[in-house]
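The values are calculated or read from the model by the stated rules, or taken from the named source; none is laboratory data. It should be emphasised that the depicted structure is a prediction, and the values quoted were computed from it without experimental measurement. Here the Cβ positions follow ideal geometry from the backbone for every residue, glycine too, while neighbour counts run over all protein chains shown.
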C-alpha cells in the first residue's frame, strides 16, 4: 500500500539550485522510494510551511472538537434516557433488582407503556415525539456505556437494558 508522504527541508542560506533539487529527486527514485510520475516538488518558504502546518492543525482540531461534541451529546442523551426510564418505572425496577429479581414485572410495564405511547401517537399525529419511545430508542440503538453511578441510582442492569432492547425490537 502506498501513502502520500512529504519531505520537508528547512535551512538558512541560499536557495537550492535546480540541479540539487533534481539530485534529491533522483535519490528518491533510484532507491525505490517513489516513481517519477508520483513525485511533486514544491518550493515554499519558512512562513508558507508554518502556515500550512497551522492550517492542518486547526482543521484537525475542528474535527476532533466535532467528534467530542457528538460523543458528549450521545452521553447526555443516554443519561437522560436512563433518568427518564429510571424515574418512570422506579417501582418495578427496584423490584427487578431485588432479592427475587423479578424483571418480568418491568418488562410487562414497559411493554404496556410503549403500546399506549404508540397508540397515543397515532391519534396525535405524525412528527410528534413521546419521551418514552425516544428513551427506549436511544438505549436500544446507541452504543454507549451507562455510568455505574447512574446505573446504580436508577437500578439499571444488563438485564434491564436487554428488556428495553427486546421491547424496542418487538415494537419497531
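Residue 109: surrounded by 10 or more Cβ atoms within 10 Å (Cβ to Cβ), under 23 Å from residue 156 (Cα atoms), in contact with a helix residue (DSSP H, G or I) (Cβ under 9 Å, 6 or more places away or on another chain) and at pLDDT 85 or above, yes or no?
Criteria met by residue 109.
Could you grab me the full set of residues in the range 136-172 that are under 21 Å from the mean Cα position of the chain (by Cα), surrounded by fewer than 19 Cβ atoms within 10 Å (Cβ to Cβ) and not in a helix (DSSP H, G or I)?
142, 143, 144, 145, 147
Cβ-Cβ under 7 Å, sequence separation 6+ or interchain: first residue in the range 145-172 and touching a residue at least 40 places away in the same chain (Cβ under 8 Å) and on the phi > 0 side of the Ramachandran plot, partner surrounded by 12 or more Cβ atoms within 10 Å (Cβ to Cβ) and assigned to a helix (DSSP H, G or I). Which pairs?
As it stands, the answer is 155/86; 155/93; 155/94; 155/96, since those pairs meet every condition given.
Checking residue 83 against (1) over 23 Å from the mean Cα position of the chain (by Cα); (2) at pLDDT 80 or above; (3) surrounded by 12 or more Cβ atoms within 10 Å (Cβ to Cβ); (4) farther than 18 Å from residue 172 by Cα, only one condition comes out false. Which one?
Unmet condition: (1).
Condition first: in a helix (DSSP H, G or I) and at pLDDT 80 or above. Can you find one or more residues in the range 94-101 that meet it?
Yes: one or more hits.
Residues are listed down the side, and each one gets a yes or a no for (1) modelled with pLDDT of 75 or more; (2) surrounded by 10 or more Cβ atoms within 10 Å (Cβ to Cβ); (3) in contact with a strand residue (DSSP E or B) (Cβ under 8 Å, 6 or more places away or on another chain):
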residue	(1), (2), (3)
5	yes, no, no
10	yes, no, no
29	yes, yes, no
33	yes, yes, no
40	yes, no, no
45	yes, yes, no
49	no, yes, no
60	no, yes, no
78	yes, yes, no
